[in-house]
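Step one of this worksheet: look at the structure below.
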Amino acid sequence: MNQSIIEQIRKDEESYETALQSIADKICNNRDYKIILIAGGSCAGKTTTTRKLSQLIRDGGRNCHMVSLDDYYRNMDESVYLPDGTRDIESINSLRVDLIKKSMTSLLAGKETPIPMFDFKTAFRTDGYRTITLGEKDVVIIEGLHALNLSLFETEPDKKQVFGIYLFADAGDDVDCRFVRRLVRDSRHRNSDAEDLFALWKNIKANEVESIEPFEKYADIAINTFFPYERSILNDDAIFQLGKVMPDSPNYKIARRFIEVLKPVPQLTDDYIPENSLMYEFI
């Protein structure tokens, strides 16, 4: 492997890891923090960030629990629908906010709190649940698209007890790197193509602008999870999928624009990705 490339990848990864270590140190040094909120749009890296931060907090001497807001999705028979007739799975209306409020209030009061479990195969919460009780050494990370939305709390939370993290991914050009991440992930693992994602992305972005991005201001820190080297990992798959968009498609022009930006970047194999990298969410 080219040593200069390896060194650049190391620096890209180190910047992200250093940010997480700094947050973990802050939380471990302040026992007042009880709830850590991690929010961000689709493919911003919430899952890996939650897992990594949880381990760093444990390494720092605190007990750390993890909760996904996905477990508070509405059951299929409680679903709400968008004007076009599709099931809403993106907005805060897709969640049982009433149940989340009860959990937040109970957790902050140090009570034994039941946490539901959602079965995505059946689209229903299961009969089983787990419980969390926040003792003196305990902290819980709650991650989800809407984790920073204040309507998840009965009253505005005490900032001494709650620490907010907002994740975004910005490559500094006009190609949405989160779109590229999701395109590659969905094409590899969900039998989905670029046209499928373009059809979804309009609603995804509209929801983010309306009900995710406005709450970034409540975060204590924002982290850009874009790794400059990721284009070299994802580009070939992304270009292949974008190349299948036909000239008669309303998405053809944007697909070609994306290709023109992505094409000059030299490709690397997945072997270059360091072990335990956030990039494994998307390949």
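The values are calculated or read from the model by the stated rules, or taken from the named source; none is laboratory data. Here the structure is a predicted model, which is why all the values come from computation and not from measurement. No Cβ is skipped: glycine too gets one built from the backbone with ideal geometry, and neighbour counts run over all protein chains shown. Note: accessible area is taken over every heavy atom of the protein model, side chains too, but ligands, DNA and RNA are not part of it. Shrake-Rupley method; radii C 1.70, N 1.55, O 1.52, S 1.80 Å.
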Legend entry - Accessible-area composition of region 1-45, carbon plus sulfur, in percent [1.4 Å probe]: 45 percent
Legend entry - Entry for Rg/Rh (Cα atoms, Kirkwood Rh) (calculated from the structure that is shown) out of (i) 0.98; (ii) 0.93; (iii) 0.96: (i)
Inset, instruction - Could you calculate the contour length gain from residue 173 to residue 244, that is, 0.36 nm times the residue separation minus the distance between their Cα atoms, to one decimal place in nm? - result: 23.3 nm
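Taking the Cα centre of region 164-283 as origin and charging only Cβ (+1 Lys, Arg; -1 Asp, Glu), how large is the dipole, in debye to the nearest 20?
For this selection, approximately 320 debye.
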Legend entry - 1.4 Å probe accessible area per residue over region 1-125, in Å²: 49 Å²
Legend entry - Sulfur and carbon atoms: percent of accessible area, region 160-259 [1.4 Å]: 51 percent
Inset, instruction - Residues in region 176-197, backbone N under 17 Å from the label point at residue 206 (7 Å along the Cα-to-beta-carbon vector): list them, ranges by number please. - result: 196-197
Legend entry - Crossing angle, helix 46-59 versus the chain [Cα axis fit, 0-90 degrees, rounded to tens]: 50 degrees
Inset, instruction - State in Å² the accessible area per residue of region 237-283; use a 1.4 Å probe, count heavy atoms of protein chains only, and round to the nearest integer. - result: 60 Å²
Legend entry - Carbon plus sulfur fraction of accessible area for region 54-134, probe 1.4 Å, in percent: 52 percent
Inset, instruction - Work out how much length residue 252 to residue 159 would gain on full extension: take 0.36 nm times their residue separation and subtract the Cα-Cα distance, in nm to one decimal. - result: 28.8 nm
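For an R0 of 30 angstrom, estimate the FRET efficiency from the Cβ-Cβ distance between residue 283 and residue 87 and round to the nearest 0.05.
My answer for the efficiency is 0.60.
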Legend entry - Largest to smallest principal axis extent of the C-alpha atoms in region 140-270, angstrom: 52, 30, 26
Inset, instruction - Enter the angle in degrees (range 0 to 90, nearest 10) between the Cα long axis of helix 177-189 and the first principal axis of the Cα atoms of the chain, meaning the one along which they spread out most. - result: 90 degrees
Legend entry - Between region 217-263 and region 84-127, the alpha-carbon center distance in angstrom: 32 Å
Inset, instruction - Would you please give the residues with an amide H less than 5 Å from that of residue 75, counting only those at least 5 places away or on a separate chain, with H modeled from the backbone geometry? - result: 125
Legend entry - Those lysines that a straight Cα-Cα span of less than 22 Å connects to residue 217, excepting residues fewer than 8 apart in one chain: 26, 34, 46, 101, 159, 160, 205
Legend entry - Long-range HN-HN contacts of residue 63 with modeled amide H, under 5 Å: 138, 139
Inset, instruction - Give me the aspartates and glutamates in straight-line cross-link reach of residue 111: C-alpha distance below 18 Å, same-chain residues under 8 apart excluded. - result: 32, 98, 136, 138, 154, 158
Inset, instruction - Mind listing the long-range amide H neighbours of residue 37? Cut-off is under 5 Å, sequence gap 5 or more, other chains count too, H placed in the peptide plane at 1.01 Å from N. - result: 142, 163, 164, 165
Inset, instruction - Note the full-extension length gain between residue 261 and residue 138 as 0.36 nm times their separation in residues minus their Cα-Cα distance, in nm to one decimal. - result: 39.7 nm
